[in-house]
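Values quoted throughout were computed directly from the atomic coordinates according to the rules given, and no laboratory measurement underlies them. Everything quoted here is computed from the prediction, not taken from an experiment. Here the Cβ positions follow ideal geometry from the backbone for every residue, glycine too, while neighbour counts run over all protein chains shown.
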Amino acid sequence: MNKAITDGVLLMPPPFAGGLDVWSRENGTPGSDTYDGALDAAFVPADQDFGGCLELNKTENTQKLRYMGETPLLPGCYLRITARVKAITGNLPSVRIAGWAGASGGGHVGGLTEVGPSVALTSYGEVVEVSAIVGAGDRTGVDMVWGTTPIYGHFGLDLTGANGGVVRIDDIVIEDITGVFLRTMMDWVDVRDYGAIGDGVFANDAAFAAADAAADGRVVLVPEGVYRLNGNFTFESEVRFAGTVTMDEANRLILRRNFYLNGYIDAFGDEVLAFKKAFQALLNFTDHESLDMNGRRIELDGPIDMQAAVSNKDTFEVRRVIRNGQFNLVSSSNWNDQTATSQASYNANNPLKLTGVANVANIEVGSLVTGTGVGREVYVKEKNVGAGEVTLSQPLWGPAATQTYTFTRFQYALDFSGFVKLSKFTMTDIEFQCAGFGSAILLCANGETFHVRDCFFTRPKDRGITSIGRGCQDLQIDRCHFASDEQSLAATARKSICFNVNANDAKIRDSRFQRFLHTGILKGNGHLIVGNHWFQGDEVTDGPRVAGMVFTEPNMKTVITGNYMDNSFVEWTNEHDAEPGFSNEYSFGGLTFTGNIFTCNDVAQWFNWIVIKPYGPDHFIQGLSVVGNTFKSLNGNVTRVESVDDSIAPLDLSRTRNVTFEANTFNGISQPTINPVTLEFNQATAATTWTLNVSDYLPFDGYARQVSAVTLKGDILNGSGQAVHAFPSTVTNVGAGQDLVQLKWPEPCSGSVVVTARCDKPI
């Protein structure tokens, strides 16, 4: 690089032979005295060493010689000023290169070093060369660091020391030596060349902007040092960081060409801070929709408050993605659960509020609420300290009017709860190595389509993914793997849960869930549970098992298809209902099981895979399909596949409608469940009333509510052995359990029939 060559910039002063009227004995500024006609200066046309040269008689303590022309100073350029001098007679002075820094408008830029190293002349006739380098940046070898404020200089030399000596000076040379500092094939610009100072204090915003503007497709180099930025800053160019930057938490750094985590780690030097600043940038500019973590592993000793990292936004609904990295939780007290206990009042007419909450300021948003009459996975969505109120994620099914509640705040690697609303956010190919120290993801209170795909959640202490409100609307979990920190514990001793859902339309697909207390607690409608494998067994022989999926919406229009349900059961409740008794609403219905594998081993005989648990009276089944599934028990038979947990309230079996249990396979199951069930009955003795027992096959100990078909097998014979050419009437709901069917004949008869009976009515 040489501006004299590439841009035709005039740097070289004229020779002394051209006249001394352009050579000042002061600073070189317009109007200053020159050496033209001076008694102490003369042009010597033929010196044996120099040819034409200037002869000066030193008459001043500091004898100045300055070219009056304005030598331009360009950002990124470095100039070397050189003079060859020899002593002729008299006292021997010292000599140094010197200059005067000029600003725009002709003023002087003070406070700068304006002289180079001094060299003493020690003998007569000896040619001594002195030089100095001037430039904007504080580089090794630069004698006069002027920054970017000066735009020109008046350059020359000074004679110092004793007066009375005579020296001769060859023509002064000014040349661009920028190439000394840059590589032969320069593909970068250095921010120091534009005035940057890496002392952690100086504001480098203008210098960085100038370097970025000058890069023009090249890389901007931020060399060693700590460079302060006082405001938001965007690099349009690619940046290479040998040093780091520092800026206020609220200010943003945008790396348009380095928008990936490694770029931010290079920029800030700390991987957690780098992730926060990269996430801040992700939500504050539109050039990139995703943050690539470059496969990096970030060590976390505490939760990351994702909204605080952004700080200027609490709502965001444009698609954004974080991909390809790992969060590794390390031991720290920052992961400790925070617990508060407070008395509060609850009224079912205001089902999402606790009122009169004592010490509400001590309760953290996002806390799990537990207490008498509180269903599973109820969280604090909001709090109002002034009003003494807490807003809940779900209603409570049966608390006292006033009672004590416990509020437990788990700590999450990525905590989104500070956002008011966050939608269309995706995390893909991310691993959460929780190591039993903390939990993984806490969703915000509102939002849609939070998508987690191809992610690993390894050993979360309490929770994998938690929703404290409706930020789980259309939650999508695809091809993820959840492994608990409680592998060795008995199933009933575990406390960790993979995820919960409070809203509608969750899609849980092709994922694996390993040995948690529960895989999922889901309220809402319209869920698709497809192609997953969850297993929650233990090493306890004939031990109890716990629910894998828990659905808390009684009428849920949900499909469970193609899953592998291993040593756990599906529990269907209405525990998130402030008035859990049936009252002018949809009851249990809208659930379909198709093509699933249900398996267990070493369980108690009373284990069941499908359990309905009403939390209030008078509920019934009004739509359930269990078709084409495989049920298999190993190392011991299971009595049956389904049951009602009536520990709180029973089902009203007299109102069962639209239940289908068919085309399933049963292995190691003592009693298959079938509805409608078709059975052959043989009546050996003549009777007018045949009583048929279909109860064992009917689901959920259901009533025999309907006979949909009766087929005669051969002749029906009366007591005389003659054929009876009549068809029986049917009676349902017979017996104490209302689970028997009767056929009524016009006369006593015997024979065989095939009867199809149901526990439900279609309408």
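In what sequence do V272, V626 fall when counting other Cβ within 10 Å, fewest first?
Details: V272 17, V626 27.
In order of increasing Cβ crowding within 10 Å: V272, V626.
Under 17 Å from the Cα of K461, which aspartates and glutamates turn up, not counting those fewer than eight places away in the same chain?
Within the straight-line cut-off, K461 pairs with E299, D301, D337, E377, D415, E431, D485, E486.
Could you check what % of the DSSP bridge pairs in the chain are antiparallel, to the nearest 5?
45 percent
Hey, if you put +1 on the Cβ of every Lys and Arg and -1 on every Asp and Glu Cβ in the chain, which of A101, G156, N446 ends up farthest toward the positive end of that dipole?
N446
Where Rh is the Kirkwood radius over the Cα pairs of region 349-388, the temperature 20 °C and the viscosity 1.002 mPa s, what D in µm²/s does Stokes-Einstein return? Write down the numbers at each step before the final one.
On the way: Rh = 10.9 Å.
Answer, rounded: 196 µm²/s.
Among the lysines, which have Cα under 28 Å from the Cα of K713 when same-chain residues fewer than 8 positions away are ignored?
K744, K761
How much FRET efficiency would the formula 1/(1 + (r/R0)^6) give for N733 and N336, where r is the Cβ-Cβ distance and R0 is 56 Å, rounded to 0.05?
FRET efficiency, N733 to N336: 0.45.
Taking the Cα atoms only, what angle lies between the long axis of helix 271-282 and the longest principal axis of the chain, rounded to 10 degrees?
Around 80 degrees separate the two axes.
Could you state the number of Å between the C-alpha centres of region 50-65 and region 628-704?
First find each Cα centre; the distance between them is then 118 Å.
Which values of log₁₀ I(q)/I(0), to two decimal places, follow from the Debye formula for region 3-180 at q = 0.15 Å⁻¹ with a uniform point scatterer at every Cα?
-0.82
Which of the listed residues, S333, T466, P614, is farthest toward the dipole's positive end in the chain, when Lys, Arg count +1 and Asp, Glu count -1 at the beta-carbon?
P614
For the chain, take the longest principal axis of its alpha carbons; what is the angle in degrees between that and the long axis of helix 205-215, to the nearest 10 within 0 to 90?
Computed tilt is about 90 degrees.
To the nearest 20 debye, what is the magnitude of the charge dipole of the chain about its Cα centre, counting +1 on the Cβ of each Lys and Arg and -1 on the Cβ of each Asp and Glu? Walk me through the numbers before you get to the answer.
Details: 59 positive and 85 negative charges, 443 e Å.
With Lys and Arg at +1 and Asp and Glu at -1, about 2120 debye.
Would you work out the relative contact order for the chain, in percent, from Cα pairs under 8 angstrom that are 6 or more residues apart? Numbers along the way, then the final one.
On the way: 2273 pairs, mean separation 43.1, N = 763.
Normalised by residue count, the contact order of the chain is 6 percent.
Against the empirical 2.2 N^0.38 Å scaling, what ratio does the C-alpha Rg of region 420-472 come to?
Normalised Rg, Cα atoms only: 1.14.
Charges on Cβ only, +1 for Lys and Arg, -1 for Asp and Glu, centred on the Cα centroid of region 3-180; of Q48, L79, I169, which one is farthest towards the dipole's positive end?
Going by the charge dipole, the pick is L79.
Size of the chain along its principal axes in angstrom, Cα-based, largest extent first?
Its Cα atoms span 161, 56, 42 Å along the three principal axes.
Using Cα positions and a limit of under 23 Å, work out the lysines in reach of K421, with same-chain residues fewer than 8 apart set aside.
K276, K277, K313, K353, K381, K383, K507, K523
Net charge around N258, counting only other residues with Cβ within less than 9 Å of its Cβ (Lys, Arg = +1; Asp, Glu = -1)? Mind showing how you got there, number by number?
On the way: positive: R240, R256, R257; negative: E238, D266.
Charge balance in the 9 Å sphere: +1.
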